[in-house]
Amino acid sequence: MIEVKVLASSSSGNCYLIDDGKTRLLLDAGVKLSKIQQAVGFDVGSISGALITHNHNDHSLCVDELIKRGVNVYGNADVASRNDGINHIPEGRKVGIGTFDVIAKGMEHDIPCSCFYLRSLATGDILLYITDTKSVHYKFHDVTQLIIEANYDHRLLLANAYKPSSLKHRIINSHLSIEQASECVNEMDKSKLKEVYLCHLSDEDSDAEMFRHEIEKVTEAKVYICEKYGGVTCRT
């Protein structure tokens, strides 16, 4: 399978390192460069590419520094507009990066955002990365590993007396709830699904154990919770 290493996962920063044994890629780069350097043994040159979902800082913080160090960065037209060194991935067009074939699809966020469907030619696995969207309308096939946002629980968010209603409205219209993440997983062809990583959990409006339980109800895949400062937890 594709190795997934969580470097950070929250509104403070998001970054995931994936490796199929032949090619290393970053999914988002919303952390300091030093954290990425540590994750790859200070061999940044071993990273074949960085796929950036959108331009918010918690997903793109060190993009310019990666480019300066020779890492190929990819993203949608809005992401590509921030730096001449970024490669534009048109929606729906397959792009080869090392041993990965990558397809980007547009998501529903408050700025242009993409999800990434990655097929490893080395292992045959397919990894799907979905974050920062209010809904998922596409049907994805043959996915073996899924990294999906489960930002909030609807009831917890609405009951949060300390959060302004305007912010609640923004979250509901730009992020995926656990209810929506569960529905997305349930509607997939799960026959090949082996791993689900729940990412970008809210500090205040999520419940990791409840979220894990909700996903375990709709799939037999191993379910991991992506931790805020890196790493994962899973039920033993």
For Lys217, are the conditions met, namely being modelled with pLDDT of 95 or more and surrounded by fewer than 16 Cβ atoms within 10 Å (Cβ to Cβ)?
yes
Index of the failed condition, Ser202 passing every other in (1) surrounded by fewer than 16 Cβ atoms within 10 Å (Cβ to Cβ); (2) in contact (Cβ under 8 Å) with a residue 60 or more places away in the chain; (3) touching a Leu at 6+ places or on another chain (Cβ under 8 Å):
(1)
Filter region 184-202 for residues that are of a type in the set (D, E, K, R) and at pLDDT below 95 and give the result.
Glu187, Asp189, Lys190
Residue pairs qualifying under the 9 Å Cβ cut-off, at least six apart or on distinct chains, with the first in region 63-88 being more than 13 Å from Thr53 (Cα to Cα) and the second being surrounded by fewer than 15 Cβ atoms within 10 Å (Cβ to Cβ) and basic (Lys, Arg), are Gly85/Lys68
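Answer yes or no as to whether Thr123 is surrounded by fewer than 23 Cβ atoms within 10 Å (Cβ to Cβ), polar (S, T, N, Q) and touching a Ser or Thr at 6+ places or on another chain (Cβ under 9 Å).
yes
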Restricting attention to region 98-147, report how many residues are of a type in the set (Lys, Arg) and under 20 Å from Leu201 (Cα atoms).
1
Return yes or no: is Tyr152 over 27 Å from Met210 (Cα atoms), of a type in the set (Ser, Thr, Tyr), surrounded by 16 or more Cβ atoms within 10 Å (Cβ to Cβ) and without any contact (Cβ under 8 Å) to a residue 60 or more places away in the chain?
no
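Here is a yes/no grid of residues against (1) touching a His at 6+ places or on another chain (Cβ under 6 Å); (2) farther than 22 Å from Ile103 by Cα:
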position: Ile148; (1), (2): no, no
position: His154; (1), (2): no, yes
position: Leu157; (1), (2): no, yes
position: Ala161; (1), (2): no, yes
position: Ser166; (1), (2): no, yes
position: Ser177; (1), (2): yes, yes
position: Glu187; (1), (2): no, no
position: Cys199; (1), (2): no, no
position: Glu214; (1), (2): no, yes
(1) under 27 Å from Tyr229 (Cβ atoms); (2) at pLDDT 95 or above; (3) surrounded by fewer than 17 Cβ atoms within 10 Å (Cβ to Cβ): which one isn't true of Leu167, the others all being true?
(2)
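The values are calculated or read from the model by the stated rules, or taken from the named source; none is laboratory data. Everything numeric here is computed off the predicted structure, so don't read it as measured data. All Cβ positions, glycine included, derive from the backbone under ideal geometry; neighbour counts span all protein chains shown.
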